[in-house]
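Quick notes on the structure that follows.
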Amino acid sequence: MNVTVIGERIHDLELSPEQRGEGGSGWVRRLRHLLALHGSEQQFSVVDATEPNNTAHNLRERWTDDVLLPKPDVALISIGLSDAWGTELKNNQYAKNPAGVVAILEDLFARCKSRSPNTRLILVEPQLNCIDASPLRTGPVSENLKAYAVAFRDLAGKHGLTLIPAGELIRAAKHARNDDEWLGTDPTGLDTCGSLLLADAAYRAITGASPAPATALEHGQMLLLIGDSITDAGRRGTPSNMGTGYARVFQGLQAAREPNKIVRMINKGIGGDTVLDIESRWERDVTPHNPDWLLLYTGINDMNTIYGSRPVQVLPDVYREGLRRCLSRVKTTSPKVKLVILAPYLLTRDDHPESYRHEMIRRMPDYARAAATVAHEFDARFVDLQTALRPYVDRLGHRALGSNLGVDICHPGELGCLAIAELVYGAFAAPR
């Protein structure tokens with residue numbers, strides 16, 4: 001299935017300004033990843049044809065090249081904010097009022113029906129990542145945008161189109177937390193959580209997928225994630241303090257799928273740690289927080305000690321006992337804590353008998369069994385990541401999932417982070 005997203009670009013606020021042009025709309029990248037990950041029976045191709053500051057006039061200029069000639073199976077139309085901004089501030093001669101935007105869209109819909117009748121059109125409600133309507137923020141633009149949102153809803157109803165209520169979803173998420181910086185501080189962009197909010201809604205609109213199941217997390221609870229670099233993912237250099245890895249993506253998925261359930265998440269990953277390193281900092285990084293939930297992931301660095309990189313070899317039995325001591329300590333100080341344990345993985349299919357990758361994969365089950373044993377003893381939810389990720393590696397390849405185009409098979413790229421986050425989400429959502 002070919003999907004084209006056309007209209008105005010929504011910047012990914014967790015990319016640097018220099019990266020944003022190459023990265024496109026952050027939510028479109030996340031949509032591409034969701035479709036790739038869950039499209040096991042159908043292949044999806046997603047084209048990001050968005051451009052910064054696009055109005056309906058610009059959309060019309062690009063319609064033939066981006067929609068009528070390629071004839072995608074699905075075209076998502078994200079437009080309206082630049083028109084609302086331009087008409088209110090009177091700084092864009094091409095900006096149209098709601099009636100003008102609707103007139104352009106009506107014309108484009110008619111042309112699509114005539115020349116590409118099999119293309120399914122989906123409208124994305126204009127969105128502004130801001131609920132503060134003060135003059136120093138968005139001023140009257142917020143009010144002006146409401147008329148565009150109403151016009152889009154009426155237009156979708158008239159033509160029987162799916163409408164993704166992006167603005168409504170963003171406002172609801174911010175109001176639920178009473179936090180205008182949630183989802184990002186720039187009114188015309190979205191951070192990872194905001195991008196996943198919109199991407200998940202678009203994914204379900206395209207595929208007809210049912211809403212995701214609820215997790216066992218409860219409103220007001222705290223989840224502490226602790227581990228090595230896979231959890232760390234540069235957390236101390238990010239505004240969210242959650243890093244850029246699976247922990248941040250899981251936070252976004254949970255917020256997107258359970259918008260009224262606010263869960264505080266704390267990332268205490270440190271790159272290079274083994275279970276013994278994690279144990280040594282337990283009193284500093286876990287005990288004072290008294291978490292309701294604890295997620296513990298370690299193992300790759302433990303396995304690497306076999307190759308002489310550390311003074312102590314963390315063999316499977318040492319790994320098992322380290323996990324056991326960590327969980328015993330948290331159960332002593334936080335007896336009601338609930339636990340999630342992740343076993344290690346590598347994103348590779350290498351089977352050459354002299355390969356380091358193959359040797360690590362060969363040892364992996366011993367560590368997974370050790371983690372599973374401890375998880376069973378402590379009634380923890382458990383994910384054997386090596387086993388669970390293998391179907392994705394087989395179908396998509398290690399270069400799609402690992403960072404640095406698969407050269408690094410230990411640290412996941414964006415798609416790999418999503419794959420792990422979805423498995424974590426499934427662990428929290430699984431019935432007990």
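So the values come out like this:
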item	result
Segments 69-81, 291-303, 342-354 sorted - mean Cβ within 10 Å per residue, highest first	291-303, 69-81, 342-354
Hull shadow area, averaged, region 223-263 [alpha-carbon convex hull, nm²]	2.8 nm²
Proximal lysines to K96, defined as alpha-carbon separation beneath 21 angstrom and excluding residues fewer than eight positions away on the same chain	K146, K158
Degrees, to the nearest 10: 356-377 long Cα axis against longest axis of the chain	80 degrees
Neighbour net charge for F382 - beta-carbon separation under 13 angstrom, K R +1, D E -1	+1
Separation in nanometres of the label points that stand 7 Å from Cα toward Cβ, at Q42 and N290	5.0 nm
Proximal lysines to K338, defined as alpha-carbon separation beneath 26 angstrom and excluding residues fewer than eight positions away on the same chain	K261, K268
Cα shape, region 311-430, gyration tensor, a/c 1.5 rule	oblate
S280 versus D351: modelled label distance in nm, points set 7 Å from Cα along the beta carbon direction	4.0 nm
The chain, accessible area per residue, ligands and nucleic acids excluded (1.4 Å, Å²)	42 Å²
Cα-based Rg and Dmax for region 28-109, where Dmax is the largest Cα-Cα distance (Å)	15.0, 49
Förster-model FRET efficiency, 25 Å R0, K71 and A103, C-beta, rounded to 0.05	0.55
Candidates K96, K158, K146: whichever shows maximal mean-square fluctuation once the chain is modelled as a Gaussian network with Cα springs under 10 Å	K158
Peptides 180-188, 325-333 ordered by average Cβ neighbours within 10 Å, highest first	180-188, 325-333
Region 246-376 - Kirkwood radius from inverse mean 1/r over Cα pairs (Å)	16.2 Å
Cα shape, region 60-211, gyration tensor, a/c 1.5 rule	oblate
Residues of type aspartates and glutamates that K336 reaches as a straight line, Cα spacing below 13 Å, ignoring anything fewer than 8 places off in the same chain	D292, D379
Gain on full stretching of the segment that runs from H376 to N404 - 0.36 nm per residue minus C-alpha separation	6.5 nm
Region 135-215 shape via C-alpha gyration tensor axes, a/c threshold 1.5	oblate
Set of region 110-132 residues, backbone N closer than 15 Å to the point 7 Å along the Cα-Cβ line of K146	128, 131-132
Rounded to 10°, Cα long-axis angle of helix 166-177 versus longest principal axis of the chain	50 degrees
Angle in degrees between helix 246-257 and the longest Cα principal axis of the chain, rounded to the nearest 10	50 degrees
Surface share of carbon and sulfur [accessible, 1.4 angstrom probe, percent] for the chain	50 percent
Point-to-point label distance, S114-Q313, nm (Cα→Cβ direction, 7 Å offset)	7.6 nm
log₁₀ of I(q)/I(0) at q = 0.12 Å⁻¹ - the chain, Debye sum with one point per alpha carbon	-0.98
Pairwise FRET efficiency - D366 versus K336, Cβ, R0 = 30 Å, nearest 0.05	0.40
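The values are calculated or read from the model by the stated rules, or taken from the named source; none is laboratory data. In this text, all values refer to a predicted model and were calculated from it rather than measured experimentally. Cβ sites come from the backbone with ideal geometry, for glycine too, and all protein chains shown count toward neighbours. These area figures cover heavy atoms from the full protein model, side chains too; ligands, DNA and RNA do not enter into them. Shrake-Rupley method; radii C 1.70, N 1.55, O 1.52, S 1.80 Å.
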